[in-house]
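J.: Here it is: the structure, laid out below.
Only the coordinates and a few stated rules stand behind these numbers; no lab work does. This is a predicted model, so every value here is computed, not measured. Virtual Cβ from ideal backbone geometry, glycine too; neighbours counted across all protein chains shown.
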Amino acid sequence: MSLDNFRNRTIIWDTVNKDFPQPIQIMQGDVNARTLLIKIVDNGVELDLTGHLLKLTYQYTNNSNSGFVMISPKDLTKGEFILVIPTEMTTTGVIEANLILLNESLEQVIVSKFLTFISDNSTVTDLAQEVNNKIDDFTKLLLENMPQVMRSELNDLHAQTDSNMSNIELKANKTDLDNLKTAITSQGVEITTARGTAPTLNVRLNKMDDKDAETTAQLADIVTNVKLYGAKGDEVTDDTLAIQNAINSLTNGGTIYFPNGTYISRLVTIPSNITIKGASKEKTILKLKANAGTQLLKNADATNGNTGITIEDIQFDGNLANNAADKDVLVFDKCKNITIKNIVAHSSMGAPLLLNKGSFYTVKDSEFYNGKYGVYAFWVNDSTFENCVFRNSRPYEADTLNGNRASLLSGRDGHQFKGGHRNTVSNCISFGNAVQGFDSHSETDGVTVDRCTDIVYVNCISYNNGASGFNVAGANDIHYSNCIAYGNGGVTEQDGYHGLNLYGSGETDLFNITVNGGSFHNNNKSGIAAIHGGRSLSIINAKIHDNGYDGINMGSPDNNGYKLKDIKIIDVDSYANGTHGMYLKGIVGLHLINNSSFNNDKLQAGFKTGILITGTSTNLTTDAIIRGNRCYDDSARATKQRVGMEIDYTDYSVIEGNNLRGNAVSTLNWGANNGSNSKRSKNIGHVTENGGLIAFNGTGSLTYFSIAHGLVSTPTKFSVTPNSTDAKGESYVTVDATNIHVSFPNAPVSGANNVKFVWTAEV
């Protein structure tokens, strides 16, 4: 039914009759004014022209412009070609043309005569295309949403219009348009048709554009929607019954449309295969009735769940100011294949959106705020959240920053998974919530425990939340990719005010957590913290900076009896933090590789360290590989990062190839409580092994020679081997913190560099 279809035309070129008596009209400057299907037949019989070509030659009768066009094949087996009028043929005037059929050898087979085109000075404007689109959208909406009897009438109109398409020329046919007006007006839509003698298409399109707003409003009333069932949308009338009746009328599924307005309602239930659609999330509002004591919208079957429900382009207002009951706004219970997109839900003592069990939920391009949570997902599987905002989830009205701690910790997250598996959150933002921005943890329904597993966060941002930006508790296989957390930890009662808080009761409760990329900065306490044990925790290629305390903190003062195992920190920049760049305690299997920790200890309270690795006498850090790290301070502060790296209470570990130059006091502090099985080597700025060839001048009387070993402390291993004849006499060797001493009972003979030794020393 679109204008594009009106432009299509078929030309039958019969090889017996090669003439075209009627002219073909095109429009100035409009390449797409006509799309011609040229069908070649032999005395009415279809031809197979495989391998043939078709070209058109043309010349203007009123000037010298001429040229030719190669015409593209459509279906050569049927002798069909498609001609799109070129720009050169749309200059105003009369064009005489010939069609020339070429065989496989490019020889002329048939030539037409008297093929005439007339290009006039009318043009198609952008407005024409706009109205064309409106007609298409109008037709689609009517067909999909009208009652069956109205749909049948429109189908008849559609068929009638299609049958007349070939007779509609470029200039609008007044009779056809009037017929169209009459048919649609019978359904309650008024279209104003341009009047006058031979009105141009542009004039008519301008008239239709002037009526656009009115037509849109009328269309909303024509489609099967809540207003057909008595809903007012005036923010006064209780529309509950009208809305529910509209939904119930769709016994085989369908769409309920809400035109612009504010619809007051109590609880409405939705069966399977229903779409709830508004005109826009800004202007179509479904608002909970004052003192309703109910949810606003939920699925109909809470026992078995529903499927195939879609909610889109609408706003849901829980009317918090007039509803004290702890009720959620939108509730989906045990559902499957639910789509929620381009909505807003807010203002409730409960959650704006509660997903209670079920699977394959899709929530996208939506915003949730001012509730107990933003979104609460309980035991939800195989679901996605994309391009959403979760904000300003708040404590109960009775809660204060110094009030009931237990109450404060109950919920109040922007987005929370309790249990659930194989879920993804991508490109979402969570901010200004009373507790966590994003929370993933295991939960029980009172009978069984559902571990929260296989959760992926991609490109998510969490900031200015009361506790942590991201929180994990008792979960596994949680993965963060290029996520950002900053400004979190504003509620002082909270244990965690970190960018990312990993909380578990040991290695069996929290494991396989990965952070890949992203930034954790300017949080109240640590950028990333895991202080209650866990296993297989990895931080890779992240930036952690300007946090109030440690950049990374893994291990509490007593570790609570829990162990941290298999911790990987690789290619991380940790800098400008308040205390340590990294604080790592009581870890079995630490891999600390190619990290930078610099310009830390901004608090200047305890003369902290770039990287501190420690433990206790009963909880050593063991089996560590600490390699290729750079620790330094080049800031402009007077008091700088005191020590590059400090290691104590470790054993069975390798510390090698680290660059520790440029700290205020020392490069590496090696504690007295390290076990004998740990090895330091090749650390720049902290010499733990040395050696070489050295030569002395014998005097005939000198019996004592000292070799400066240059090590950080007294060598634990050393050797001296004579390398010249005069050095081979009887001798003995001693060592201290500075030198290796070689003593002879009989002085070597005089000579220049005649007393030579090869020596090694190692700490």
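J.: Would you calculate the convex hull of the Cα atoms in segment 689-762 and tell me its volume per residue in Å³?
T.: Values: hull volume 5.2 nm³, N = 74.
Value for segment 689-762: 70 Å³ per residue.
J.: Work out, step by step, the length gained on full extension between GLU96 and ASP120: first 0.36 nm times the residue separation, then minus their alpha carbon distance; give nm to one decimal. Mind showing how you got there, number by number?
T.: On the way: separation 24, 0.36 × 24 = 8.64 nm, distance 1.46 nm.
7.2 nm is the gain from fully extending GLU96 to ASP120.
J.: Past the 28 Å Cα-Cα mark, which pairs from LYS341/LYS543; LYS525/LYS568; LYS277/LYS334; LYS525/LYS563; LYS608/LYS679; LYS281/LYS372? Kindly include the intermediate steps, with their values, before the conclusion.
T.: Values: LYS341/LYS543 33 Å; LYS525/LYS568 21 Å; LYS277/LYS334 22 Å; LYS525/LYS563 22 Å; LYS608/LYS679 24 Å; LYS281/LYS372 22 Å.
Over 28 Å Cα-Cα: LYS341/LYS543.
J.: Per residue Cα convex hull volume for segment 439-542, in cubic angstrom?
T.: Numbers: hull volume 9.4 nm³, N = 104.
Hull volume over Cα atoms, normalised by residue count, gives 91 Å³.
J.: If you don't mind, there's one more thing I want to ask. Taking 0.36 nm per residue of separation and subtracting the Cα-Cα distance, what length does fully extending ASP234 through ARG422 add? Before the final figure, lay out the partial values.
T.: Working: separation 188, 0.36 × 188 = 67.68 nm, distance 4.25 nm.
Net length gain for the segment: 63.4 nm.
J.: In whole Hz, what ³J(HN,Hα) sequence does segment 339-351 give by Karplus (6.51, -1.76, 1.60; θ = phi - 60°), x for Gly and Pro?
T.: Per-residue couplings from phi come out as 10, 10, 9, 6, 10, 10, 9, 6, 6, 8, 6, x, 8 Hz.
J.: Here is a follow-up. Taking other Cβ within 10 Å of each residue's Cβ, how do TYR376, TYR575 sort, fewest first? Please report the intermediate quantities before stating the final value.
T.: Values: TYR376 26, TYR575 23.
With the fewest neighbours first, TYR376, TYR575 line up as TYR575, TYR376.
J.: Continuing with this model, one more query. Order these peptides, 40-46, 415-421, by their mean beta-carbon neighbour count within 10 angstrom, highest first.
T.: Working: 40-46: 13.0, 415-421: 25.7.
Highest to lowest by the protection proxy: 415-421, 40-46.
J.: Once phi is turned into ³J(HN,Hα) by the Karplus curve 6.51 cos²θ - 1.76 cosθ + 1.60 with θ = phi - 60°, what whole-Hz value does each residue of segment 526-531 show in order, with x for glycine and proline?
T.: My calculation for segment 526-531 gives 9, x, 9, 9, 9, 10 Hz in order.
J.: Give the long-range amide H neighbours of SER653: residues separated by 5 or more places, or on another chain, with amide H under 5 Å away, using H modelled in the peptide plane at 1.01 Å from N.
T.: Here ASP623, ALA624, SER678, LYS679 satisfy the definition.
J.: Whose amide H sits under 5 Å from the amide H of ASN65, counting only residues 5 or more places off or on another chain, with H placed in the peptide plane?
T.: Under 5 Å from the amide H of ASN65 lie the amide H atoms of TYR60, each far enough along the sequence or on another chain.
J.: Provide ARG630, ARG412 in ascending order of the number of other Cβ atoms located within 10 Å of each residue's Cβ, fewest first.
T.: So the residues, fewest neighbours to most, are ARG630, ARG412.
J.: Sorted from fewest to most neighbouring beta carbons within 10 Å, what does the list MET645, MET89 look like? Please list the in-between numbers first.
T.: Working: MET645 28, MET89 22.
In order of increasing Cβ crowding within 10 Å: MET89, MET645.
J.: Can you give the extra length, in nm with one decimal, that the chain gains between ASN746 and ALA664 once fully stretched, where that is 0.36 nm per residue apart less the Cα-Cα distance?
T.: Working: separation 82, 0.36 × 82 = 29.52 nm, distance 4.67 nm.
Working it through step by step, the gained length comes to 24.8 nm.
J.: Follow-up question, since we're still on this one. Order the peptides 384-392, 97-105 from the highest to the lowest mean number of other Cβ atoms within 10 Å of their residues. Write out the running numbers ahead of the final one.
T.: On the way: 384-392: 20.9, 97-105: 16.2.
In descending order of packing, they fall as 384-392, 97-105.
J.: Any chance you could list P(r) for segment 328-679, counting all Cα-Cα pairs in 20 angstrom bins from zero, rounded to whole %?
T.: Bins of 20 Å from zero give 32, 53, 15, 0 percent of pairs.
J.: In sequence order, what are the phi-derived ³J(HN,Hα) couplings for segment 231-241 according to the Karplus relation 6.51 cos²θ - 1.76 cosθ + 1.60 with θ = phi - 60°, rounded to whole Hz, with x for glycine and proline?
T.: Coupling constants for segment 231-241: 5, 9, x, 9, 6, 10, 5, 6, 9, 3, 5 Hz.
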